[in-house]
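Heads up: the structure comes next, in structure tokens.
We did not get these values from a lab; they are worked out from the coordinates using the rules stated. It should be emphasised that the depicted structure is a prediction, and the values quoted were computed from it without experimental measurement. Please note: Cβ atoms are built from the backbone with ideal geometry, for glycine as well, and neighbour counts cover all protein chains shown.
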Ligand SMILES: [Zn+2]
């Protein structure tokens, strides 16, 4: 049985997730930047008695990686990303100051994760889905038994990820959503990188970009 805790951090309102199975935890997309945000994350982990095992970025846009350094320093855990995000991660230090994140500290990835890979922790595990389009090496974490998808910035509640940033591609994004996410059961909960959770079934109907009621033609 997993449980997850959502924190919303930084000026982009980014969702950071701590997913736990028993006392073992994954930290996904730590967006904590200010000292008080880092403290909030660490206090939760300490109060729950959690032992973080892995740090995973769904993709490496600035708002999703701001806390990587603090998390790695504190818990000494490996950072895993898709290999196609390495360039995206390395570019953050170049543009972070222009968004006001002058204290951003770069972190090295420690390993790659790929489509279909199983990630085990505690008594549970999830499967990596490769969902490019918003970013070239974007992944999501699918907990099949628990019917939960931690989806980053691919699919939001009645919206989708932007595709105007480097490595973005609108058609590729729609393909990722329709061919991968919409193939999951309707009652799978989707936990996005911004905003409230949704479900696959809700988005299949109501998403204005790719749902069956959408005004955008399916192709
Ligand atoms: Zn993003």
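Laid out as a table, the results:
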read-out: Cα-Cα separations in the stretch 21-93 greater than 20 Å, expressed as whole percent; value: 26 percent
read-out: Over the chain: helical MRE at 222 nm, DSSP H runs n ≥ 4 each giving -39500 (n - 2.57), nearest 500; value: -7000 deg cm²/dmol
read-out: Relative contact order (%) - criterion: Cα under 8 Å, at least six apart; region: the stretch 2-206; value: 15 percent
read-out: Relative contact order %, the stretch 32-132, counting alpha carbon pairs below 8 Å whose residues are six or more apart; value: 22 percent
read-out: Distance between modelled label sites at residue 164 and residue 212, nm, 7 Å Cα→Cβ extension; value: 3.2 nm
read-out: Gyration tensor (Cα) of the chain, equivalent ellipsoid semi-axes in angstrom; value: 26, 21, 15
read-out: Degrees separating the helix 35-48 axis from the principal Cα axis of the chain, which is the longest one; value: 90 degrees
read-out: For the chain, built as a Gaussian network whose Cα springs stay under 10 Å, the top-fluctuating residue of 96, 46, 151; value: 46
read-out: Of 63, 153, 36, the one that fluctuates the most in a GNM where the chain has Cα springs shorter than 10 Å; value: 36
read-out: Counting DSSP beta bridges with both ends in the chain, the antiparallel % (nearest 5); value: 70 percent
read-out: Candidates 197, 97, 30, ranked by Gaussian network fluctuation over the chain, Cα under 10 Å, top entry; value: 97
